[in-house]
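Please read the structure below before turning to the comments.
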Amino acid sequence: MAKKSRNPNFDQILDLLRAHSFDVAPDTRVAGGVLVSKGGVGAVLAPAKDAPVFVERPGAMIRGKVARLVDRGYQKFLATPEFELPATASQLEAIHRFSEELKQLTGEISLYNESLGTTSDLYQYDRLKGREAAHPVPAQPWSIEANH
């Protein structure tokens, strides 16, 4: 009798997601990619050797697209190529819940810092923007140079 594999393949994972009330639809942006959504939140997955990979991380679904979560320091925003709008607490909770459930069902590793709350795709703090260009790197006299 053949043994069952502990690691399900991509199609088995999609069947498992459907069984847990996830909507699964093909995505045309990547070969073999699928849009997985539930409760107003979605992510785009693609098949890989060992496990599915995220083409787009989980984010709120806005007009059929997965919005990226941008942290500006004072507020989080949901950004699509067309527009950007402030994220609400209920949207952040839904993204977090969706991410945790998706990780559990796909067998992905759940990291401690991500389990505490929603993590953003991009961090753009307005007070730090451009600061690195304004101050040149100071001379380091203790470093060894080639001509000494």
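The values are calculated or read from the model by the stated rules, or taken from the named source; none is laboratory data. Just so it is clear, the model here is predicted, and its values are computed rather than measured. Positions of Cβ are backbone-derived with ideal geometry, glycine not excepted, and every protein chain shown enters the neighbour counts.
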- Query: Given the residues A89, A67, which is the only one that is free of Cβ contacts under 8 Å to residues at least 60 places away in the same chain, crowded, with 20+ Cβ neighbours inside 10 Å, among the aliphatic types (A, V, I, L, M) and closer than 13 Å to T118 by Cβ?
  - Reply: A67
- Query: Got at least one residue in the stretch 67-76 being touching a helix residue (DSSP H, G or I) at 6+ places or on another chain (Cβ under 9 Å) and farther than 26 Å from L14 by Cα?
  - Reply: yes
- Any residue at all in the stretch 2-22 that is assigned to a strand (DSSP E or B) and more than 17 Å from the chain's Cα centre (by Cα)? no
- Of the residues that make up the stretch 85-94, is at least one part of a strand (DSSP E or B) and either aromatic (F, W, Y) or closer than 15 Å to V24 by Cβ (or both)? no
- Taking the stretch 45-60 and keeping only residues that are buried (at least 22 other Cβ atoms within 10 Å of the Cβ) and part of a strand (DSSP E or B), one is left with L45, P58, G59, A60
- Task: For L128, indicate whether it is under 25 Å from the mean Cα position of the chain (by Cα), modelled with pLDDT under 70 and of a type in the set (A, V, I, L, M, F, W, C).
- Result: yes
- Query: Does the stretch 16-44 hold any residues that are more than 18 Å from F98 (Cβ to Cβ), surrounded by 12 or more Cβ atoms within 10 Å (Cβ to Cβ) and at pLDDT 90 or above, and which are they?
  - Reply: none
- Query: From the residues in the stretch 61-84 that are in contact with a strand residue (DSSP E or B) (Cβ under 7 Å, 6 or more places away or on another chain) and not in a strand (DSSP E or B), which one is nearest to D121 (Cα to Cα)?
  - Reply: A67
